[in-house]
Amino acid sequence: MGFERYSKRDEQPSRITSNLLIRTMADHEHIDRVWDIIGKVGVCMLTSRFAGGMRARPLEARPERQTGRLLFITDVHSTKTNEVERWPDVGLVFIDATDKAYLSITGKAQIVDDAELRAAAWRKTDAVWWPGGPNDPEVCVLVVEPTIAELWDGPTSAAVAAFEFAKARATGTEPDLGENRKVSVNMKD
């Protein structure tokens with residue numbers, strides 16, 4: 001898995017002249033933070049396109065960190081299956097309110113009907129919707145391969161945020177409410 005780090009100052013990925021990606025400890029920490037948030041939060045809003053615009057719905061992510069994919073159990077007849085087959089670009093939003101972390105992921109989605117993948121992504125709670133288990137003919141897996149992750153980490157303390165707003169008002173400066181880290185994740189080697 002490769003990745004590129006972007007900053008607010010530089011919208012182009014950092015590269016060395018041989019076109020190899022620069023990988024720093026900070027880059028690894030950013031990627032780890034993205035996966036940690038996904039694992040902790042679990043449920044995200046998946047946004048897909050349809051003929052009339054865009055729509056979002058909550059889904060429980062099954063992260064596969066080792067493959068760099070996110071799996072979602074879904075119904076073969078759901079509207080999102082038709083939408084991602086026609087328009088595979090999707091957006092995912094994870095919010096960790098406790099840590100004040102906001103994560104937006106852009107990726108490519110596809111519908112996969114594979115028994116092994118269904119079994120790997122299956123959780124006991126899925127039986128509420130599909131009593132036939134992972135082999136239920138109505139079950140498929142929506143697979144998202146992330147391409148870009150944007151992460152905003154804010155102050156975890158409401159008191160810190162209040163102080164920053166007061167300081168900004170008094171000094172005429174912008175409040176320091178955290179860091180926006182934008183990481184491009186290339187899942188295809």
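Values computed for the structure shown
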{"item": "Average projection area in nm² (convex hull over Cα atoms of the range 88-181, one quarter of hull surface)", "result": "8.5 nm²"}
{"item": "Stretchable slack from Val43 to Arg86, in nm (0.36 nm times residue separation minus alpha-carbon distance)", "result": "13.1 nm"}
{"item": "FRET E, pair Val160, Arg57, Förster distance 35 Å, beta-carbon r, rounded to 0.05", "result": "0.55"}
{"item": "The range 74-129: C-alpha gyration tensor shape, a/c 1.5 cut-off, then a/b vs b/c", "result": "oblate"}
{"item": "Environment charge of Thr47, counting only residues whose C-beta is closer than 15 Å and scoring Lys/Arg +1, Asp/Glu -1", "result": "+3"}
{"item": "Efficiency of FRET from Cβ geometry, Lys108 and Trp152, R₀ 25 Å, rounded to 0.05", "result": "0.65"}
{"item": "Stretchable slack from Ala127 to Asp32, in nm (0.36 nm times residue separation minus alpha-carbon distance)", "result": "31.1 nm"}
{"item": "Contour excess over end-to-end distance, with Cα ends at Thr67 and Glu116 and 0.36 nm allotted per residue", "result": "16.2 nm"}
{"item": "Stokes-Einstein diffusion coefficient of the range 102-144, Kirkwood radius over Cα pairs, 25 °C, 0.890 mPa s, in µm²/s", "result": "215 µm²/s"}
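All of the numbers you see were taken from the coordinates with simple rules; none came from a lab. Just so we're clear, the structure is a prediction, and the values are computed from it rather than from any experiment. Reconstructed Cβ throughout: ideal geometry from the backbone, glycine too, with neighbour counts over all protein chains shown.
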